[in-house]
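For reference, the structure is listed below as structure tokens.
The values are calculated or read from the model by the stated rules, or taken from the named source; none is laboratory data. As the structure is a prediction and not an experimental result, all values here were calculated from the model. For neighbour counting, all protein chains shown are included, and Cβ atoms are generated from backbone atoms with ideal geometry for every residue, glycine included.
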Amino acid sequence: MRIAFLIGSVDVGGGNYVVCQHAMHAAAMGHEVAVVVQTSFTKAQLAWHPGFEQLRLIPLDQLRSERFDIAVATFWKTVSELHRLNAGQYVYFVQSIESRFYPAEQVHMRRLVDRTYDLRLPSITEATWIREHLRHFHGSECLLARNGIRKDVYTPHGERHAPRISGRLRVMVEGSFGVPFKNTARTVRLVRRARPWQSWLLTTTGMSWYPGVDRVFSQLPIAEVPKVYRSCDVIVKLSFVEGMFGPPMEMFHCGGTAIVYDVSGHDEYIVHGHNALVAPMHNEATVLDHLRRLQDSPRLLEDLKSGATETASKWPDWPQSSARFFEHLEACYAAPKVSRQWLEEATRELREYFQAQSQSATFVKEGHRRVGWLRRLKNDTRVYSSLLRYIADGYR
């Protein structure tokens, strides 16, 4: 089978990591696999994941008349250009409800993303909560293949940057900066308030120093990441939006535990008091209390680590996960075919909708600006008098 995965970029990220794992598995099974990339890239950008070195990558603009059996959109923005791939079937791999990536005030962006789910393409997702959301709000039935984990890489034993020390809590914050729903900067500040023995930062953002943390690990290759996990006792991950909650599970496999918000999908494997500690969304006081409890109670910390190890032992590895994914991909291929022409027309309507929404948003913003200006005129007699003089001068 000839399979194409359409991705937005080759940048470091959880979504691209998952795509690489499934694509590598497909290639190992003997399928012809291509990763089509919407944006240009350099060879240096590929080093973070070995899959990019092994797989065939094609910039979208260089794609010619090649035909695929299946073309898979992997992010909402890729849906709009999926029709540019000549394929026998089109599939949507939904890795989160991505309308939540945008703040509530960006209503037109949220509506645009949600309309990609309303297309009801044959779909696969990675988390139960996403499947339920699509069924309830979009009338779309979605197949489920939970993400796996590299059990040969994420292990409790192996190299580390520093040994764990009983009674001295080393806390790790993971996340990129400049993405509001990741909440990384706020998490660092919150950990600093708790004053653990040490705090470390693991990020995909390029940096060598960050205020309030003892060590920074930036843009690491995958093989280097477990060394950081094995050195820390707990990961604090307070994102507001998740698809499949990956970093806490990676920490579980490396012998640590986690503190998280009750973000959608956390309950896929996190059990408060058994393998991690959970705080209500935005409840920073509870997060601080959790951190202080772990500092003051080495026994609680060890019990949570034990529960996390038990959870990790039952979680599927990537071969199991990708095998399930490709069972579902074959089911999508057998489903009623999505016409390329229909898909092109549908995505054109999406673009027109977005343009109309953007113009409407601009109009409303301009209206608010003008109303504010008129109110200023009403309340400021000097400005009002100056305007009258200006108008009068124009008629002389």
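Details
- The lone exception for His31 - which of (1) at positive phi; (2) in contact (Cβ under 8 Å) with a residue 12 or more places away in the chain it fails: (1)
- Qualifying residues in region 82-111 (those that are of a type in the set (A, V, I, L, M, F, W, C) and touching a Ser or Thr at 6+ places or on another chain (Cβ under 6 Å)) - the one farthest from Ala34 (Cα to Cα): Val94
- Close pairs (9 angstrom Cβ cut-off, 6 or more residues apart or separate chains): assigned by TED's automatic domain parsing to the domain that holds Cys20 and surrounded by 12 or more Cβ atoms within 10 Å (Cβ to Cβ) in region 36-57, modelled with pLDDT under 90 and of a type in the set (Asp, Glu) anywhere: Leu46/Glu53; Ala47/Glu53
- Restricting region 284-311 to residues that are farther than 24 Å from Tyr154 by Cα and of a type in the set (Ser, Thr, Tyr), the residue that is farthest from the chain's Cα centre (by Cα): Ser297
- Val236 being under 26 Å from Pro103 (Cα atoms), of a type in the set (Val, Ile, Thr) and under 17 Å from the mean Cα position of the chain (by Cα): yes
- Taken together, the residues in region 70-97 that are under 19 Å from Glu349 (Cβ atoms) and either in a strand (DSSP E or B) or of a type in the set (D, E, K, R) (or both) amount to 6.
- Sole residue being free of Cβ contacts under 8 Å to residues at least 12 places away in the same chain, over 30 Å from Asn86 (Cα atoms) and among the hydroxyl-bearing types (Ser, Thr, Tyr), chosen from Ser313, Ser339, Ser264: Ser313
- Taking the criterion of being in contact with a strand residue (DSSP E or B) (Cβ under 9 Å, 6 or more places away or on another chain) and not aliphatic (A, V, I, L, M), the residues of region 65-79 that qualify are Ser65, Glu66, Arg67, Phe68, Asp69, Thr74, Phe75, Trp76, Thr78.
- Candidates Gly256, Gly265, Gly273, filtered to the one that is on the phi > 0 side of the Ramachandran plot and at pLDDT 95 or above: Gly273
- Scanning region 207-220 for residues that are of a type outside the set (A, V, I, L, M), more than 18 Å from the chain's Cα centre (by Cα) and part of a loop (DSSP other than H, G, I, E, B) yields Ser208, Trp209, Tyr210, Pro211, Gly212, Asp214.
- Phe245 vs. criteria surrounded by 15 or more Cβ atoms within 10 Å (Cβ to Cβ), under 26 Å from Ser96 (Cβ atoms) and out of contact with any Asp or Glu (no Cβ under 8 Å at 6 or more places or on another chain): no
- Residue tally, condition of a type outside the set (Ser, Thr, Tyr) and part of a loop (DSSP other than H, G, I, E, B), over region 1-54: 14
- Asp11 vs. criteria assigned by TED's automatic domain parsing to the domain that holds Glu330 and either crowded, with 22+ Cβ neighbours inside 10 Å or touching a Ser or Thr at 6+ places or on another chain (Cβ under 9 Å) (or both): yes
- Subset of region 42-66 (residues that are under 20 Å from Glu81 (Cβ atoms) and among the small types (Gly, Ala, Ser)): Ser65
- So Phe93, is it at pLDDT 95 or above, surrounded by 23 or more Cβ atoms within 10 Å (Cβ to Cβ) and of a type in the set (Phe, Trp, Tyr): yes
- Matching option when the condition is in a helix (DSSP H, G or I), β-branched (Val, Ile, Thr) and surrounded by 16 or more Cβ atoms within 10 Å (Cβ to Cβ), among Val191, Val236: Val191
- Odd one out for Met251, checked against (1) farther than 22 Å from Val216 by Cα; (2) not in a loop (DSSP other than H, G, I, E, B): (1)
- Region 119-150: number of residues that are part of a helix (DSSP H, G or I), closer than 25 Å to His22 by Cα and of a type outside the set (Lys, Arg): 6
- Test: residue in region 207-221 that is within 17 Å of Gly175 (Cβ to Cβ) and touching an Asp or Glu at 6+ places or on another chain (Cβ under 6 Å): no
Each row is one residue, and each column tells you yes or no for (1) in contact with a helix residue (DSSP H, G or I) (Cβ under 7 Å, 6 or more places away or on another chain); (2) loosely packed, with under 13 Cβ neighbours inside 10 Å; (3) of a type in the set (S, T, N, Q); (4) not in a helix (DSSP H, G or I).
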{"residue": "Val278", "(1), (2), (3), (4)": "yes, no, no, yes"}
{"residue": "Ala285", "(1), (2), (3), (4)": "no, yes, no, no"}
{"residue": "Gln295", "(1), (2), (3), (4)": "no, no, yes, no"}
{"residue": "Gly307", "(1), (2), (3), (4)": "no, no, no, no"}
{"residue": "Trp315", "(1), (2), (3), (4)": "yes, no, no, yes"}
{"residue": "Gln320", "(1), (2), (3), (4)": "no, no, yes, no"}
{"residue": "Lys337", "(1), (2), (3), (4)": "no, no, no, yes"}
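- Scan of region 197-215 for residues that are farther than 20 Å from Pro50 by Cα, surrounded by 15 or more Cβ atoms within 10 Å (Cβ to Cβ) and either of a type outside the set (A, V, I, L, M, F, W, C) or free of Cβ contacts under 8 Å to residues at least 40 places away in the same chain (or both), ordered by number: Gln198, Ser199, Trp200, Leu201, Tyr210, Arg215
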